1. Can you compute 3J(HN,Hα) from phi for each residue in region 171-179, using the Karplus curve 6.51 cos²θ - 1.76 cosθ + 1.60 with θ = phi - 60°, rounded to whole Hz and x for Gly and Pro?
2. Give the angle, between 0 and 90 degrees and rounded to the nearest 10, that separates the Cα long axis of helix 108-117 from the longest principal axis of the Cα atoms of the chain.
3. So what is the orientation-averaged projected area of region 3-86, using the convex hull of its C-alpha atoms, in nm²?
4. At what distance in angstrom do the alpha carbon centres of region 135-194 and region 13-43 lie from each other?
5. Classify region 91-305 as rounded, prolate or oblate, taking a ≥ b ≥ c as the square roots of the eigenvalues of its Cα gyration tensor: rounded when a/c is under 1.5, otherwise prolate if a/b is larger than b/c and oblate if not.
6. Given +1 on the Cβ of Lys and Arg, -1 on the Cβ of Asp and Glu, and no further charges, what dipole in debye does the chain carry about its Cα centre, rounded to the nearest 20?
7. What is the angle, in °, between the Cα long axis of helix 30-44 and the longest principal axis of the Cα atoms in the chain? Nearest 10 is fine, range 0 to 90.
Amino acid sequence: MDKFTCMQALVRVVESGSFAEAARRMGVSAPMVTKYISHLEQSLGSRLLNRSTHSLSLTDSGHAYYQRCVQLLEDLDEAEAIAGAQSSTPRGSLRMSVSTDFGVNHLGPVLLEYSREYPDVRIDVSVSNHLVDLIEEGFDLAVRITNQLRTNLVARKLATSNLVVCAAPAYLEAHGTPQIPENLVHHNCLAFSDPTLAGEWRLSKEGRVSVVKAAGSLRASSNELLKLAALQGQGVVLQPTFNVSDELRTGRLVPLLTDYDAGALGIFIVYPHRKHQTAKVRSFIDTLVGRWGENSDEDPFWKKQ
């Protein structure tokens, strides 16, 4: 067995506290991780981990070996980064995490364009709204959509997407058009599932903020599903413009309360800080920066009329 892979398995098990989670991060089965650890212990002639049904801990010798493994793997990563940085041709595997809604509709075409331009790069994309740990899970970069970016990673803002309250013409014909935020309590507001928002919509005008509890017949962690429900006339939604721009332009969805500010989301590319950035990461960042306009604080997707 490759000793570096076995070392990586030990580090992942200790970091995650679980053989199953270590296996998930490495993309192998849990029994295979067990084999990696057993191989290390047999080759060293020493037990590295104390294992029981409910706990997992390093032995004294395991702790010392783990510390050296961490350092060796960091040195290996640095060596690969230096070698990659020396190459002017992007190549190798580029792992990235992107949000579901933005990733498919807006980032997808960019990825395909990049793939055509750099055929030596193998793109591995994880499309999910799950917030991944780039370093622990081995990602090169991520594209994140948020209004509260908290990260110790390098972050570059690509664009802004305003939030807009909207509904289908059929719904408004049947239920009326809200004129002020307080009217929304009488409407079926379909909310995005986000524990940080608590189902609240915040709309401001001239310094006054109105907070509306979005309590309708549907909550979902997918903006696409919420948009589909709105298009079928089931209720009012609060959507990022990047997800509803076509529907707003064609009139399939009608913007509401347009004299109020419903907030905005920033679109960021984030990546670990490295002294020597690889050509594949540099080239992809260069491809994205400026893609949606030179001013990242402006909304390139849709503007109020």
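1. For region 171-179, the Karplus curve yields 5, 5, 5, 7, 10, x, 9, x, 9 Hz.
2. Tilt relative to the chain: about 50 degrees.
3. Value for region 3-86: 5.6 nm².
4. Spelled out, the Cα-based centre of one part sits 39 Å from the other.
5. prolate
6. 260
7. So the inclination is approximately 30 degrees.
Every read-out reported here was derived from the displayed coordinates using simple, explicitly stated rules and does not represent laboratory data. Predicted model only: the values in this text are computed from it and were never measured. Because the Cβ atoms are built from the backbone with ideal geometry, glycine has one as well, and the counts that use them run over all protein chains shown.
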